[in-house]
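Data first, discussion second: the structure below is written as structure tokens.
The values are calculated or read from the model by the stated rules, or taken from the named source; none is laboratory data. A quick note: this is a predicted structure, and the numbers were derived from the prediction, not measured. Here the Cβ is made from the backbone with ideal geometry for all residues, glycine too, and neighbour counts use every protein chain on show. Side chains are part of the model used for accessible areas, which takes the heavy atoms of the whole protein and leaves out ligands, DNA and RNA. Shrake-Rupley method; radii C 1.70, N 1.55, O 1.52, S 1.80 Å.
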Amino acid sequence: MKSSPTHFFFKHNSMLLRLLIFILGICSINRSNLCCDQRFATPSSFSVIQSSLKQLKIEGYFSFKNFDHVAKDFGNRYHFLPSAVLYPKSVSDISSTLKHIFDMGTTTDLTVAARGHGHSLEGQAQAYRGVVISMESLRAPAMRFHHAGELPFIDVSAGELWINILHESLKLGLTPKSWTDYLHLTVGGTLSNAGISGQAFKHGPQINNVYQLEVVTGKGEVITCSKEQNADLFYGVLGGLGQFGIITRARIALQPAPKKVKWIRVLYSDFSTFSNDQEQLISSKDSFDYVEGFVIINRTGLLNNWRSTFNPKDPLLARKFSSEGKVLYCLEVAKYFNPEETPNTDQNIDVLLSKLNYIEFTLFQSEVSYVEFLDRVHVSETKLQEKGLWDVPHPWLNLLIPKSRILDFAQEVFGKILTDTSHGPILIYPVNKSKWIKGTSMVTPEEDVMYLIAFLSSAMPSSTGKDGLEHILYKNKKILNFCNKAHIGMKQYLPHYTTQEDWKVHFGPRWETFARRKSTYDPLSILAPGHRIFERASLLQQQ
């Protein structure tokens with residue numbers, strides 16, 4: 001075992017802390033769907049943690065009770081209670097906390113997780129008996145816009161929600177370039193993954209549109225980084241799953257904002273035709289501003305349901321169209337414009353649509369504001385919350401499939417493994433990776449063009465049927481097993497694995513760089529324990 005002055009002091013002078021180490025060390029994380037509680041921890045162990053953290057002089061505060069809400073996320077399957085929650089008011093609060101825990105060295109196995117708006121799926125933002133940092137409490141510095149030059153940008157706290165950035169930037173006639181489909185997420189949360197949606201084919205994901213970051217490493221160091229300054233950390237943190245540091249501030253690229261959106265949906269019955277049209281659109285110089293799609297399997301009254309938002313081009317034929325028992329593919333596109341540009345926009349849309357091969361009478365259109373379009377998912381959220389159907393388990397599965405194998409994937413999964421889409425939408429759309437910046441921690445298939453396929457299922461509590469959690473997880477496993485056996489070359493987006501060996505396979509030849517960055521910026525593996533990539537370096541592990 002390696003020795004140090006800190007280790008020598010605690011080993012020979014603090015039996016109480018050794019007891020704490022033993023209690024924390026022998027308790028392995030329960031990876032079932034049950035809530036991990038604190039019944040095995042002694043009052044003295046928590047008093048040691050509390051007294052240690054209370055020594056810190058911070059502007060915010062720690063909470064040592066009533067934090068069940070941070071042991072829960074959108075996935076609603078993993079519930080790991082921490083020992084404390086930090087509500088920071090400044091970056092120095094985060095830095096001081098991490099430096100304090102780092103200086104304790106291997107005498108403790110405390111970990112730290114940064115939690116944004118709580119939309120993780122597999123407990124990634126939780127820290128079992130560790131410290132959770134509530135990033136939404138970090139509001140300093142306030143949003144600062146720079147729009148005098150040719151490259152406008154905003155400096156913003158990583159705990160800010162994208163929806164708030166949208167509203168504030170629009171006051172200046174500006175907007176970020178790339179989005180996620182749901183805007184009630186924090187900046188730090190999406191940048192730690194990638195941030196992909198229908199604009200990614202044109203602007204790349206959100207990690208593609210960042211000029212600068214402020215990061216607090218696992219050592220408690222506050223580092224400003226960019227492509228030109230501390231580039232290794234900058235690229236590592238983007239898509240880095242929170243493993244190398246906590247993003248506390250970001251400088252995000254902006255562009256002039258449109259006011260209106262032409263929002264269009266069309267249907268296909270043949271997957272090859274559908275995917276060919278999608279690929280044509282993302283490769284065209286003059287195209288739509290947003291390209292996505294989704295799969296519909298055995299849905300009744302589909303087009304009639306669209307009428308509440310969209311207007312059919314041919315109402316009579318659309319009314320007679322039956323979707324029951326069929327596998328259909330919807331192309332969803334949008335064109336941004338300003339009101340004075342309406343005639344030219346309509347003409348441009350007609351030209352683009354004329355090159356596509358959809359089922360003609362399934363054309364549906366809508367005209368909405370830019371905000372309404374970008375915040376469209378929130379409308380669905382509100383409706384589900386009113387019905388009590390939002391806070392349910394969400395066993396989502398997000399995959400990246402190389403273009404060369406997308407047909408094989410579709411033929412096996414859509415209509416065979418999955419026989420209906422009643423428990424949640426399936427998004428599917430291609431992106432061109434050649435436009436993405438290189439060197440980030442984001443892992444993708446080898447080919448330039450790949451498809452994002454998101455199985456966004458909602459499970460009904462206590463159900464043992466097809467809408468139950470176990471059935472959906474079984475279907476997800478079948479999809480993953482098919483990908484592995486058929487050597488599809490798939491990579492998971494928002495990945496989740498339970499062993500380091502699986503993570504090594506996920507990162508492939510990039511694992512060495514990922515592990516090096518971990519040892520450089522978070523050598524004790526304090527950060528982001530919920531991903532289960534690295535084990536916390538603690539005293540008991542070295543004995």
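Judged by the gyration tensor of its Cα atoms, with axes a ≥ b ≥ c, the range 441-543 is oblate; a/c meets the 1.5 cut and b/c is at least as large as a/b. Here r is the Cβ-Cβ distance between HIS147 and LYS477 and R0 is 45 Å; the resulting FRET efficiency, rounded to 0.05, is 0.40.
How long is the gain from SER284 to HIS167 if the chain were fully straight, where each residue apart is worth 0.36 nm and the alpha carbon distance is subtracted?
39.1 nm
Tally Lys/Arg at +1 and Asp/Glu at -1 over every other residue whose Cβ is under 14 Å from the Cβ of VAL132; what's the total? Here the charged neighbours net out to 0. Counted by Cβ distance under 9 Å from GLY489, the other residues give a net charge of 0, where Lys and Arg count +1 and Asp and Glu count -1.
For the chain, what is the mean residue ellipticity at 222 nm derived from helices alone (per DSSP H run of n ≥ 4: -39500 (n - 2.57); sum divided by total residues; nearest 500 deg cm²/dmol)? Value at 222 nm, helices only, nearest 500: -9000 deg cm²/dmol. In order along the range 493-499, the phi-based Karplus estimate (6.51 cos²θ - 1.76 cosθ + 1.60, θ = phi - 60°) of 3J(HN,Hα) comes to 9, 6, x, 9, 9, 10, 10 Hz; Gly and Pro are listed as x. The dipole here belongs to the range 278-349: it is taken about the Cα centre, uses +1 on the Cβ of Lys and Arg and -1 on the Cβ of Asp and Glu, and is about 500 debye. Amide H to amide H distances under 5 Å link VAL112 with VAL131, LEU527, ALA528, where only residues 5 or more positions off or on other chains count and H is placed in the peptide plane. Placing a pseudo-label 7 Å from each Cα along the Cα-to-Cβ vector at GLU367 and GLU340 gives an inter-label distance of 1.7 nm.
Sequence-distant contacts, meaning Cα pairs under 8 Å at least 6 residues apart, place the relative contact order of the range 439-512 at 27 percent. What the phi angles of the range 207-216 give under the Karplus curve with 6.51, -1.76 and 1.60, with θ = phi - 60°, is a coupling list of 5, 7, 10, 10, 8, 7, 9, 10, 9, 9 Hz, glycine and proline written as x.
Across the cross-link table entries LYS260/LYS403; LYS285/LYS326; LYS259/LYS313; LYS403/LYS438; LYS259/LYS355; LYS72/LYS433, which are compared at the Cα atoms, the separations over 28 Å belong to LYS260/LYS403; LYS285/LYS326; LYS72/LYS433. Heavy-atom accessible surface of the chain, averaged per residue, reaches 43 Å², computed with a 1.4 Å probe.
A straight chain from SER354 to SER226 at 0.36 nm per residue would run longer than the Cα-Cα distance by 41.8 nm. A simple charge model with +1 on the Cβ of Lys and Arg, -1 on the Cβ of Asp and Glu and nothing else charged puts the dipole of the range 71-120 at about 200 debye relative to its Cα centre. Peptides 112-118, 139-145, 357-363 ranked from most to least packed, by the mean per-residue count of other Cβ atoms within 10 Å: 112-118, 357-363, 139-145. Ranking LEU172, LEU213, ALA148 by how far each Cα lies toward the positive end of the dipole of the range 127-230 (charges on Cβ) leaves LEU213 at the top. Most tightly packed first, judged by the mean number of other beta-carbon atoms within 10 Å of their residues, the peptides 92-104, 166-178, 497-509 read 92-104, 166-178, 497-509.
Sort the range 366-431 into rounded, prolate or oblate with this rule: let a ≥ b ≥ c be the square roots of the eigenvalues of the Cα gyration tensor; rounded if a/c is under 1.5, and if a/c is not under 1.5, prolate when a/b is larger than b/c, oblate otherwise. List each step's numbers first, then the result.
On the way: a/c = 2.64, a/b = 1.48, b/c = 1.79.
Oblate shape, in that a/c is at least 1.5 and b/c is the bigger or equal ratio.
Inter-label distance, SER434 to ASN66: 5.7 nm, where each label sits 7 Å from its Cα along the C-beta direction.
A simple packing score, the average count of other Cβ atoms within 10 Å per residue, orders the peptides 213-220, 418-425 as 213-220, 418-425, with the highest score first.
Computed from backbone phi, the HN-Hα couplings of the range 129-137 come to 6, x, 10, 9, 9, 7, 5, 5, 6 Hz, rounded to whole numbers (Karplus: 6.51 cos²θ - 1.76 cosθ + 1.60, θ = phi - 60°; Gly and Pro given as x). Once you sort the root eigenvalues of the Cα gyration tensor of the range 292-408 as a ≥ b ≥ c, which label holds: rounded (a/c under 1.5), prolate (a/b larger than b/c) or oblate (the other case)? Here the range 292-408 falls in the rounded category.
Annotation: amide H-H contacts under 5 Å for GLN212 (H modelled 1.01 Å from N, sequence separation of 5 or more, or interchain): ARG251.
Eigen-decomposition of the gyration tensor built on the alpha-carbon atoms of the chain gives equivalent ellipsoid semi-axes of 43, 26, 21 angstrom, largest listed first. A cut-off under 11 angstrom between Cβ atoms defines the neighbours of HIS117, and their net charge, with Lys, Arg +1 and Asp, Glu -1, is -2. Leaving out ligands, DNA and RNA, what percent of the accessible area of the chain is carbon and sulfur, probe 1.4 Å? Result for the chain: 51 percent of the exposed heavy-atom area is carbon or sulfur. Give the residues of the range 176-218 whose amide nitrogen is closer than 18 Å to a point set 7 Å from the Cα of GLU59 in the direction of its Cβ. Only 214-217 pass the distance filter.
Note on the range 315-431: with charges restricted to the Cβ of Lys and Arg (+1) and Asp and Glu (-1), its dipole about the Cα centre is near 500 debye.
Report the antiparallel proportion of the DSSP beta bridges in the range 100-223 as a percent, rounded to a multiple of 5.
60 percent
Amide H contacts under 5 Å for PHE74: HIS119, SER120, restricted to partners 5 or more places along the chain or on a different chain, H placed in the peptide plane at 1.01 Å from N.
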